[in-house]
Amino acid sequence: MSDSLDQLDDGKIVTLKFGTGPLGIAFRDRLVYNTQPGSQGQRQGVKIGWQIASVNDEAITSHSDLDRAMKKRLLSKERITRIGFLVPPARIYPLMKQRIEMDMKENKFRAEEENFKMALHGLIENPVRIKAIMSRQGLSPEKQQEIMA
């Protein structure tokens, strides 16, 4: 799985080789929070909670470093990209993973809530749509008038 395995404090740096094409790794800043099923990332064994530490032996210490490295990767003619991941210590990994999964669910909920608010706002701004929905629900014209008043 790894090309090199170096100790870093209590965690480890794992360097993996990736081919051209999508990595299938979703990250926020440098932290992995998802891998796509069947992707290079999943096949290589990348896990939620790992942190990107290097790309092609260049240190990644910020989101802008990572963004720059990924753009460079896309433009490169190299067929192999080496990505170093900081693997959290085993004793804290379950807690990190749980927290990341909770954040993902919370963000999904916020997105769904925002979509609902936008849809509701669209209905309020368009009474014709509200009347059409009430008609489909079988409300009489009198009942519709009462609701719209």
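The values are calculated or read from the model by the stated rules, or taken from the named source; none is laboratory data. Computed from a predicted structure; not experimentally measured. All Cβ positions, even for glycine, are placed from backbone atoms using ideal geometry, and neighbour counts span all protein chains on display. Note: accessible area is taken over every heavy atom of the protein model, side chains too, but ligands, DNA and RNA are not part of it. Shrake-Rupley method; radii C 1.70, N 1.55, O 1.52, S 1.80 Å.
Give me the pairs, please: first residue somewhere in the stretch 38-58 and within 20 Å of residue 71 (Cβ to Cβ), second residue anywhere and part of a helix (DSSP H, G or I), beta-carbon distance under 7 Å, and either six or more positions apart or on two chains.
52/66; 55/69; 55/73; 58/69
May I ask you to say which residue of 76, 54 is modelled with pLDDT of 90 or more, more than 28 Å from residue 105 (Cβ to Cβ) and either surrounded by fewer than 16 Cβ atoms within 10 Å (Cβ to Cβ) or out of contact with any Leu (no Cβ under 8 Å at 6 or more places or on another chain) (or both)?
None of the other options fit; the residue is 54.
I'd like the full set of residues that are touching a Lys or Arg at 6+ places or on another chain (Cβ under 7 Å), open to solvent by 40 Å² or more (accessible area, probe 1.4 Å) and either part of a loop (DSSP other than H, G, I, E, B) or within 21 Å of residue 102 (Cα to Cα) (or both), limited to the stretch 14-49.
20
Could you check, for the stretch 57-73, whether at least one of its residues is modelled with pLDDT under 75 and either open to solvent by less than 60 Å² (accessible area, probe 1.4 Å) or not in a helix (DSSP H, G or I) (or both)?
No, the conditions are met nowhere in the stretch 57-73.
Under 7 Å by Cβ, and 6 or more places apart or on different chains, what pairs join a residue from the stretch 92-112 that is farther than 18 Å from residue 35 by Cβ with one that is open to solvent by 100 Å² or more (accessible area, probe 1.4 Å) and at pLDDT below 75?
Short answer, once both residue conditions are applied: none.
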